[in-house]
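Read the figures in this text as sums done on the coordinates, not as results from a lab. The structure presented is a predicted model; accordingly, all values stated were derived computationally and were not measured. Please note: Cβ atoms are built from the backbone with ideal geometry, for glycine as well, and neighbour counts cover all protein chains shown.
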Amino acid sequence: MEQPHYRRTKLPDDVLRALVSGRKLEAIELLRDIAYLTPVDARREIEDFIKHNPELFGVQGALEYKISRQLMLVVIVLLMVLLLVFV
């Protein structure tokens, strides 16, 4: 079971600037450095921020979140099929 985590309602200015400019990986790295987070936690914080603040990113931000979740499910299903075929 996944542990609940603290949801940021505000990001540091440098992180937000990078994120709004479309530099998501840079925003994750900045947040990691500033908040001393693990890569997974920083990514989760950024994705949660995008999900809960779609007005900052327009339709693109909401679509990006939805597509990334769908892509993750497709990859998992493909891996499971490969395991069944080759094992």
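Results, tabulated for the structure shown:
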{"item": "Leu84-Leu25 pseudo-label distance in nm [points 7 Å out on the Cα-to-Cβ vector]", "result": "3.4"}
{"item": "For segment 13-86: rounded, prolate or oblate by the Cα gyration tensor [a/c cutoff 1.5]", "result": "oblate"}
{"item": "Simple label model, 7 Å out from Cα along Cβ direction - Val74 to Thr38, nm", "result": "2.8"}
